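Let me begin by presenting the structure, written as structure tokens, before commenting on it.
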Amino acid sequence: MRYRTPSSEMWRSGKRKCSACKEYQSPESYGSNKDSKDGLSYSCRDCAADNQRRIKYGITSAQYNKMLADQGGRCAVCGSLGCQSGKKLAVDHDHGCCPGKKSCGQCIRKLLCQKCNQALGLFGDDPDLLRKAAGYIEENNDYQGH
């Protein structure tokens, strides 16, 4: 993508100033925004993610970082260090308390990689169904046909 670089205080040495953290960062640190003059979001990706977590889950960046440190930077299910996609670990919450994508902030469980978070969601957070799936894999894992 080609970035338009207007001459203003928003740009310095090829870096753009984030409207949230006020730090100058490379254009790659921003998402796109077709409505802005330079085609970039006003806040960097990290600040945008922090804002989204605050809105969706009611937690601050400091709370997220503490959870991440408490988990050793690893997914609470599979133990992987971060997501394969390069994204930050997802905030998992109890959908029994807050169905949908938003949380009251009181039903936050732990941080999960994207793969584990999606898997739990696809199984409807149903422990019985997850146990059945595990049993199925264990019973059928010794298939000799390949």
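We did not get these values from a lab; they are worked out from the coordinates using the rules stated. Nothing here was measured: the structure is a model prediction, and the numbers come from that model. Note that we place each Cβ from the backbone using ideal geometry, even for glycine, and neighbour counts take in every protein chain shown.
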Practice problem: Mind running the shape call on the range 74-140? Use the C-alpha gyration tensor, a ≥ b ≥ c as the square roots of the eigenvalues: rounded below 1.5 for a/c, prolate if a/b tops b/c, oblate otherwise. | Solution: oblate
Quiz item: Of 103, 85, 61, which has the largest mean-square fluctuation in a 10 Å C-alpha GNM of the chain?
Solution: 85
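Which value, in debye to the nearest 20, describes the size of the charge dipole of the range 74-140 about its Cα centre when Lys and Arg Cβ atoms bear +1, Asp and Glu Cβ atoms bear -1, and nothing else is charged?
Here the size comes out at about 440 debye.
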Quiz item: Taking only Cα atoms, what is the 0 to 90° angle, nearest 10, from helix 61-70's long axis to the longest principal axis of the chain?
Solution: 40
Self-check item: Charge dipole of the chain about the Cα centre (unit charges at C-beta), most positive-ward option of 49, 67, 118
Solution: 49
Quiz item: Can you give the FRET efficiency for residue 110 and residue 35, using 1/(1 + (r/R0)^6), R0 = 30 Å, r = Cβ-Cβ distance, to the nearest 0.05?
Solution: 0.25
Quiz item: Given labels modelled 7 Å from the Cα in the Cβ direction, how far is it in nm from residue 70 to residue 13?
Solution: 3.9
Quiz item: Which one of 130, 77, 26 has its Cα pushed farthest toward the positive end of the charge dipole of the chain, where Lys and Arg give +1 and Asp and Glu give -1 at the Cβ?
Solution: 26
Quiz item: Taking the simple approach of a point 7 Å from Cα along Cα-to-Cβ for both residue 51 and residue 125, what is their distance in nm?
Solution: 2.7
Exercise. Compute the semi-axes of the equivalent ellipsoid of the chain, taking the square root of 5 times each eigenvalue of the Cα gyration tensor, and list them largest first in whole Å.
Key: 38, 19, 14
Quiz item: Considering lysine pairs in the chain that are 8 or more places apart or on different chains, how many have Cα atoms under 16 Å apart?
Solution: 14
Self-check item: Those trypsin sites (Lys or Arg not before Pro) in the range 40-121 that DSSP places in a loop and that have at most 12 other beta carbons within 10 Å
Solution: 87, 101, 102
Quiz prompt | Dipole magnitude (debye, nearest 20) for the range 3-102, charges at Cβ of Lys, Arg, Asp, Glu | solution = 220
